[in-house]
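Worksheet: one structure, shown below.
The values are calculated or read from the model by the stated rules, or taken from the named source; none is laboratory data. Computed from a prediction, not measured in an experiment: that's the story for all the values here. Here Cβ is always computed from backbone atoms with ideal geometry, including for glycine, and neighbour counts include all displayed protein chains. Note: areas computed on protein heavy atoms with side chains; ligands, DNA, RNA excluded. Shrake-Rupley method; radii C 1.70, N 1.55, O 1.52, S 1.80 Å.
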Amino acid sequence: MNHQGREQWKTKIGFIIAASGSAIGLGNIWRFPYMTGMNGGGAFVVVYLLCIVFIGLPLLITELKIGRMTQRSPIAAFRALKGKKSPSQLMGWLVLVSGFMMLSFYSVVGGWSLEYILKSFLSVFVSKSPQTIYDMFGELYSNPAKNLLWHTCFMLTCMAVVVAGVQRGIERWTEILMGILLVLILVMVGRGLTSPGAAEGIRFVFSPDFSKLTPGAILEALGHAFFTLSLAMGIMITYGSYLDDKADIPRFSFWVATVDTGVALLACLMIFPIVFSYGFEAQAGPGLVFKTLPVVFSQMPMGMFFSTVFFFLLFFAAVTSGISILEPVVRAAMDGLGWQRKTATLILGFSVLLVGVPSALSGSTLASLKLLGERNFFDSVDYLVTNWFFPLGSLAVAIFIGWFMSEKLLQSEFVKGSKVGKYFPVWLFVVRYVSPVGMMLIFLNIVGFFKLF
Ligand code: TRP
């Protein structure tokens, strides 16, 4: 089934870096801390970790294998697995629609980091009071022109990289800068842990109070597990299709999940001590990282330099993730419609740009537009895609793979190239029973069918 001449990863480590580059992004540094804050801390973190281990990781392995097995992008992959008219094609489409919608708001947040690069570079935060710095996010959020401008810049950047193609585009760029980001995060964690709010911050993140856990929070934790591992949108299927048979997919997946979760926890350790040191709100919402970090940068030696670098790297992390959302959409149009890479990127990229406009205006022009349960447009798209499309799509994938494919085929694919092939029965058991049942319980819980807590 190997497509001759399909682009391949130059090196294995290149793949791990690109996959981590996709996984590590705004989800870890922007979304996870603010979700943790909104959902009361430790208990949310515990549920999230359970979701990663029992649902995220097994499905990450599954997606990479679907890609390698079929050597195709999502829609074609499912078609190859089950024949043309099967409902599996529908899954492929769901996967792409989610990607499209997700990138539209992801890009808005990526754009915020551009504003913060500029602000840092211009030393705007210097000798301002913590509260003034904190409030600057609100000014950005309610400024329609800035949001549109930065959203556009972010999308154009992603499009430029995707036009360049797999190896020259994704792999090379990711390699260098992710390491620097990690170092900077560690520096900030160090500052956090030596600040007066450290103890309270750590307690908030790591000591679970299960009485604070709501059905909504459990669904958020599940959704975020998909969000942070770049699941359910065909990204990992597409990346897997660039892997050869020698690649040890289960081991790679383990590493990607571990690194990704580690960065998310570090981001919390960097942010919550600041929150408690200055008496800010843990429930500050989507602006949390932008409201808190500059406060500390403003008081550090060479703070504005570090701040500029940090937000640049955050922007970069967002771009590596952004391109991984755009890439499968483009790939599908190339494989399925025979478009050139450039045409596909331009048409699809500009479409995402347009679809993202209402999200970019959610704090200003469209602030009074409330959709799902009093959420604004931006929050509604995020909520719908992350908490419903991702888990439902993945549930379908898990059931399809676990129940409708031949066990022999799955086993030979699992074992291929892997030193941990003996864990095949464990993986199969989890994909067949544990993940689907877990997801269904969470869904039934939220629609009020029964009470988990
Ligand atoms: N995982 C990325 C993050 O945490 C976001 C992301 C990139 C993503 N590609 C994805 C999420 C595909 C879901 C599906 O920022």
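Return the only residue of ILE75, ILE61 being within 16 Å of the ligand (Cβ to nearest atom), β-branched (Val, Ile, Thr), open to solvent by 10 Å² or more (accessible area, probe 1.4 Å) and more than 16 Å from ALA332 (Cα to Cα).
On the way: ILE75 fails: more than 16 Å from ALA332 (Cα to Cα).
Within the list ILE75, ILE61, the selection yields ILE61.
Output the residue which, of all residues in the range 217-251 that are assigned to a helix (DSSP H, G or I) and among the small types (Gly, Ala, Ser), is farthest from the ligand (Cβ to nearest atom).
ALA217
In the range 290-304, what count of residues is obtained for those that are assigned to a helix (DSSP H, G or I) and open to solvent by 10 Å² or more (accessible area, probe 1.4 Å)?
Number of matching residues: 3.
Is at least one residue of the range 264-277 on the phi < 0 side of the Ramachandran plot, polar (S, T, N, Q) and assigned to a helix (DSSP H, G or I)?
For the range 264-277, residues on the phi < 0 side of the Ramachandran plot, polar (S, T, N, Q) and assigned to a helix (DSSP H, G or I): present.
From the list GLY279, GLY356, GLY336, GLY349, exactly one residue is open to solvent by 30 Å² or more (accessible area, probe 1.4 Å), among the small types (Gly, Ala, Ser) and either more than 30 Å from THR132 (Cα to Cα) or within 16 Å of the ligand (Cβ to nearest atom) (or both). Which is it?
After ruling out the rest, the residue left standing is GLY336.
Counting only residues that are buried (at least 22 other Cβ atoms within 10 Å of the Cβ) and of a type in the set (Gly, Ala, Ser), which one in the range 258-276 is nearest to the chain's Cα centre (by Cα)?
ALA264
The rows are residues; the columns are (1) at pLDDT 95 or above; (2) small (Gly, Ala, Ser); (3) within 16 Å of the ligand (Cβ to nearest atom); (4) outside any helix (DSSP H, G or I).
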{"site": "GLY67", "(1), (2), (3), (4)": "no, yes, yes, no"}
{"site": "LEU90", "(1), (2), (3), (4)": "no, no, no, no"}
{"site": "LEU94", "(1), (2), (3), (4)": "no, no, yes, no"}
{"site": "ILE117", "(1), (2), (3), (4)": "yes, no, no, no"}
{"site": "SER127", "(1), (2), (3), (4)": "no, yes, no, yes"}
{"site": "GLY138", "(1), (2), (3), (4)": "no, yes, no, no"}
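Listed residues VAL53, VAL46; which is more than 16 Å from the ligand (Cβ to nearest atom) and at pLDDT 95 or above?
Just one listed residue meets the conditions, VAL46.
For the range 16-43, how many residues meet the condition of being more than 8 Å from the ligand (Cβ to nearest atom), β-branched (Val, Ile, Thr) and in contact with an Asp or Glu (Cβ under 9 Å, 6 or more places away or on another chain)?
Of the residues in that region, 1 qualify.
Taking only the range 372-392 into account, find how many residues are away from the ligand (no atom under 16 Å from the Cβ) and assigned to a helix (DSSP H, G or I).
Counting residues in the range 372-392 that are away from the ligand (no atom under 16 Å from the Cβ) and assigned to a helix (DSSP H, G or I) gives 6.
May I ask you to say which residue of GLY201, GLY197, GLY216, GLY287 is closer than 25 Å to THR320 by Cβ and either open to solvent by 10 Å² or more (accessible area, probe 1.4 Å) or not β-branched (Val, Ile, Thr) (or both)?
GLY287
Looking at (1) of a type outside the set (Lys, Arg); (2) surrounded by fewer than 20 Cβ atoms within 10 Å (Cβ to Cβ); (3) within 17 Å of ILE61 (Cβ to Cβ); (4) touching a residue at least 12 places away in the same chain (Cβ under 8 Å), which is the only condition VAL415 fails?
(4)
Can you confirm whether SER123 is free of Cβ contacts under 8 Å to residues at least 40 places away in the same chain, more than 12 Å from the ligand (Cβ to nearest atom) and open to solvent by 10 Å² or more (accessible area, probe 1.4 Å)?
No; evaluated as a whole, the condition is false for this residue.
Considering GLY179, GLY234, GLY192, which residue is surrounded by 17 or more Cβ atoms within 10 Å (Cβ to Cβ) and within 20 Å of the chain's Cα centre (by Cα)?
Going through GLY179, GLY234, GLY192 in turn, the sole match is GLY234.
Can you say whether LEU384 is surrounded by fewer than 20 Cβ atoms within 10 Å (Cβ to Cβ), of a type outside the set (Asp, Glu) and more than 18 Å from PRO215 (Cα to Cα), as far as the supplied structure shows?
no
Of (1) surrounded by fewer than 21 Cβ atoms within 10 Å (Cβ to Cβ); (2) modelled with pLDDT under 90; (3) part of a helix (DSSP H, G or I), ILE325 satisfies all except one. Which?
Checking ILE325 against (1) surrounded by fewer than 21 Cβ atoms within 10 Å (Cβ to Cβ); (2) modelled with pLDDT under 90; (3) part of a helix (DSSP H, G or I), the one that fails is (1).
Filter the range 27-40 down to the residues that are under 12 Å from ILE218 (Cα atoms) and of a type in the set (Gly, Ala, Ser) and list them by number.
GLY40
Being in contact (Cβ under 8 Å) with a residue 60 or more places away in the chain, surrounded by 21 or more Cβ atoms within 10 Å (Cβ to Cβ) and within 15 Å of the ligand (Cβ to nearest atom), is that true of even one residue in the range 360-371?
No, because not a single residue in the range 360-371 is in contact (Cβ under 8 Å) with a residue 60 or more places away in the chain, surrounded by 21 or more Cβ atoms within 10 Å (Cβ to Cβ) and within 15 Å of the ligand (Cβ to nearest atom).
Only residues in the range 157-170 that are open to solvent by less than 50 Å² (accessible area, probe 1.4 Å) count as the first member; pair them with residues that are modelled with pLDDT under 55, Cβ under 7 angstrom, at least 6 apart or cross-chain, and list the lot.
VAL161/GLY169; VAL162/GLY169
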